Structure formats: C-alpha cells, structure tokens
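Structure first, then comments.
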Amino acid sequence: MPYRSWCKHCVAARRRNSPHLRATDPSQRSKPLLVADYCFVRDNQDKELATIIVARLYPAKAILATVCPHKGVDEHVARMASFIKDSGYRSIVYRSDQEPSIRAMFEEAFKASGREGALYNAD
C-alpha cells in the first residue's frame, strides 16, 4: 500500500528517510574546491549584526572565518588571499551561492594571491 500522510497507521509505521549520500568523495577531486558564504551573528545584548565570511577548502578541510565590515571587496580580501596562497594549491575551483559580492571578493583574492581560480560549473 502506498504511504498516506493522513492515515494514522501509515504515519505510525513510516520508515526512516533514505540517507543523503555524497555523490563523490571530496578526497578524490581532480582540483581542490573552495566554498564560501556570508553569515550574520550577534550577541544577546548587541543590536547590530556582525558580517562574517566563512570559507572551507576541500579536500584539505581547512577553514577560514573572519569578521568583515560589509559584503564584497574590502581590506579582508588580503586575509582570503593569504588563505588561498597558504593552501599550497596552484589552481582552485571556487563555489558560492552566486552572490556577486562573494564572486568579486574571490576574484580579487585570487589576483592578490597569484593563484588561479575558476568558478565551479556543475555541468
């Protein structure tokens, strides 16, 4: 019998969700992948949000998180450039949520680091 969300017997006997398996093992990449996004945090007493850029490099699993005054290109590009350069990789693929401010920051950071960066293409 097919599952019905309105049926109390179906709901009581439902099976667990299928596991969300990774398509590929990150350690088997041909090129390293750098992913990043902005997040916003505040303490209970603070009224303003702090803007933080968080980046993770695969397969090394290195992480960078730094507070920045605003989204986009600013003085913290040097921090990202140093992170990229210190990774030791000559060429890195980068990925984000397609936000123009992150793309601009990535492009400036790769220029400053002297490393090659290419936008991730899922196709």
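The values are calculated or read from the model by the stated rules, or taken from the named source; none is laboratory data. What you see is a predicted model, and the numbers here were worked out from it, not measured in a lab. Glycine gets a Cβ as well: all are built from the backbone with ideal geometry, and neighbour counts include every protein chain shown. Ligands, DNA and RNA are excluded from the accessible area calculation, which covers all protein heavy atoms including side chains. Shrake-Rupley method; radii C 1.70, N 1.55, O 1.52, S 1.80 Å.
A few comments on the model shown:
- Taken over segment 77-99, the criterion of being touching a residue at least 24 places away in the same chain (Cβ under 8 Å) and either assigned to a strand (DSSP E or B) or closer than 16 Å to Y38 by Cα (or both) is satisfied by V77, M80, S91, I92, V93, Y94, R95, S96, D97, E99.
- For segment 107-119, the tally of residues that are open to solvent by 80 Å² or more (accessible area, probe 1.4 Å) and among the hydroxyl-bearing types (S, T, Y) stands at 0.
- Scanning segment 38-51 for residues that are more than 23 Å from F110 (Cα to Cα) and assigned to a strand (DSSP E or B), we see that the one that is modelled with the lowest pLDDT is A50.
- Of the candidates V35, V54, V67, V11, the single residue that is modelled with pLDDT under 85 and surrounded by 10 or more Cβ atoms within 10 Å (Cβ to Cβ) is V11.
- Segment 60-72, residues that are more than 16 Å from Y94 (Cα to Cα) and assigned to a loop (DSSP other than H, G, I, E, B): P69, H70, K71
- Within segment 81-106, tally of residues that are touching a strand residue (DSSP E or B) at 6+ places or on another chain (Cβ under 7 Å), at pLDDT below 90 and open to solvent by 40 Å² or more (accessible area, probe 1.4 Å): 2
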